[in-house]
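Q: My questions will all concern the structure given below.
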Amino acid sequence: EAGVAQSPRYKIIEKRQSVAFWCNPISGHATLYWYQQILGQGPKLLIQFQNNGVVDDSQLPKDRFSAERLKGVDSTLKIQPAKLEDSAVYLCASSLNRNLYGYTFGSGTRLTVV
Amino acid sequence: EDQVTQSPEALRLQEGESSSLNCSYTVSGLRGLFWYRQDPGKGPEFLFTLYSAGEEKEKERLKATLTKKESFLHITAPKPEDSATYLCAVHVQGGSEKLVFGKGTKLTVNP
């Protein structure tokens, strides 16, 4: 079974620029999560999708972050404009129908904002 | 507010030196407690889920236990390949199906 794919692996941008991350979940997984992991901290949920609908985006900074999951498969997370404090690893995870016990993470995208 | 606190932040052990990692939690309603392992440059990898006080689970040199307020991850006779960051997360009642993570314990096992 292929894992959760994310790209790019690394990204360096200047503050106020925009950036986008891509995630392809495990085939058949209806639930997709985006987490932000700042260095030295645990992952924090940004947004959760069930198919192509948003279940929870309460911790997403909506003034600069946006996410979509068209057709209930791939997802993109965008930051515009980026701030220095957005430097982090952005992790995508997926699970089968909100089943936390089959919750698989990708390797993440490491973003550095300079 | 739901909180998960892990200690110590970092732990250095000699190969074969057993120890325990702690995860304490303050949540409104615990539905499950998860332990993950995270290697540098990788996403967290699932280890265990515990549901109720008194429950224990084992995998190779790792054993996880749960009480009403905390969980322990016991590492018996660790090897250098056990070096990683160990994350604890809780699944809380209400709202979406999400995990709230602690900051993790970075374990280094020296040969």
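Q: Looking only at residues that are more than 9 Å from every other protein chain (Cβ to nearest Cβ) and at pLDDT below 95 in the range A:91-110, which one is nearest to A:H29 (Cα to Cα)?
A: Filtering the range A:91-110 for residues that are more than 9 Å from every other protein chain (Cβ to nearest Cβ) and at pLDDT below 95, the one nearest to A:H29 (Cα to Cα) comes out as A:L96.
Q: Could you list, in sequence order, all residues of the range B:22-64 that are in contact with a Ser or Thr (Cβ under 9 Å, 6 or more places away or on another chain) and basic (K, R)?
A: Answer for the range B:22-64, where residues must be in contact with a Ser or Thr (Cβ under 9 Å, 6 or more places away or on another chain) and basic (K, R): B:R37, B:K42, B:K57, B:R61, B:K63.
Q: Looking at (1) touching a Lys or Arg at 6+ places or on another chain (Cβ under 9 Å); (2) more than 9 Å from chain A (Cβ to nearest Cβ); (3) assigned to a strand (DSSP E or B), which is the only condition B:S71 fails?
A: Unmet for B:S71, out of (1) touching a Lys or Arg at 6+ places or on another chain (Cβ under 9 Å); (2) more than 9 Å from chain A (Cβ to nearest Cβ); (3) assigned to a strand (DSSP E or B): (1).
Q: Across the range B:41-64, which residue is surrounded by the most Cβ atoms within 10 Å (Cβ to Cβ) among those that are closer than 22 Å to A:Y35 by Cβ and within 11 Å of chain A (Cβ to nearest Cβ)?
A: Filtering first and then ranking leaves B:P44.
Q: Quick one: A:Q17 ticks every box in (1) touching an Asp or Glu at 6+ places or on another chain (Cβ under 7 Å); (2) in a loop (DSSP other than H, G, I, E, B) bar one, so which box is it?
A: Checking A:Q17 against (1) touching an Asp or Glu at 6+ places or on another chain (Cβ under 7 Å); (2) in a loop (DSSP other than H, G, I, E, B), the one that fails is (1).
Q: Please find, within the range B:26-40, the residue that is nearest to B:L66 (Cα to Cα) out of those that are facing chain A (nearest Cβ under 10 Å) and within 10 Å of the chain's Cα centre (by Cα).
A: The selected residue is B:F34.
Q: Oh, and also: Could you go through the range B:76-85 and let me know if any residue there is over 15 Å from the mean Cα position of the chain (by Cα) and outside any loop (DSSP other than H, G, I, E, B).
A: Within the range B:76-85 (the criterion being over 15 Å from the mean Cα position of the chain (by Cα) and outside any loop (DSSP other than H, G, I, E, B)), the answer is yes, since at least one residue qualifies.
Q: Which of the residues belonging to the range A:18-57 are over 9 Å from the mean Cα position of the chain (by Cα), more than 11 Å from chain B (Cβ to nearest Cβ) and either surrounded by 14 or more Cβ atoms within 10 Å (Cβ to Cβ) or on the phi > 0 side of the Ramachandran plot (or both)?
A: Correct list: A:V19, A:A20, A:N24, A:P25, A:I26, A:G28, A:H29, A:A30, A:N51, A:N52.
Q: Continuing with this model, one more query. For the range A:61-90, which residues satisfy the criterion of being within 14 Å of chain B (Cβ to nearest Cβ) and in contact with a Ser or Thr (Cβ under 8 Å, 6 or more places away or on another chain)?
A: Matches in the range A:61-90: A:V89, A:Y90.
Q: Could you please find all residues in the range B:57-111 being of a type in the set (S, T, N, Q), farther than 20 Å from B:L11 by Cβ and in contact (Cβ under 8 Å) with a residue 24 or more places away in the chain?
A: Within the range B:57-111, B:Q93 is the sole residue that qualifies.
Q: Identify all residues within the range B:59-75 that are within 14 Å of the chain's Cα centre (by Cα) and of a type outside the set (S, T, Y); write none if there are none.
A: Passing the criteria: B:K59, B:R61, B:L62, B:K63, B:A64, B:L66, B:K69, B:E70, B:F72, B:L73, B:H74, B:I75.
Q: Can you tell me which residue in the range B:1-25 is farthest from the chain's Cα centre (by Cα), limited to those that are assigned to a strand (DSSP E or B) and farther than 22 Å from B:E56 by Cβ?
A: This residue is B:Q14.
Q: Counting only residues that are within 15 Å of A:S18 (Cα to Cα), give me the strands (runs of 3 or more DSSP E) lying completely in the range A:47-114 with at least 3 of them.
A: Here the list reads A:65-68, A:75-79, A:109-113.
Q: Mind checking which residues of the range B:31-46 are touching a residue at least 24 places away in the same chain (Cβ under 8 Å) and in a strand (DSSP E or B)?
A: Residues satisfying the conditions are B:R31, B:G32, B:L33, B:F34, B:W35, B:Y36, B:R37, B:Q38.
The values are calculated or read from the model by the stated rules, or taken from the named source; none is laboratory data. Note that this is a predicted model, so its numbers are computed, not measured. All Cβ positions, even for glycine, are placed from backbone atoms using ideal geometry, and neighbour counts span all protein chains on display.
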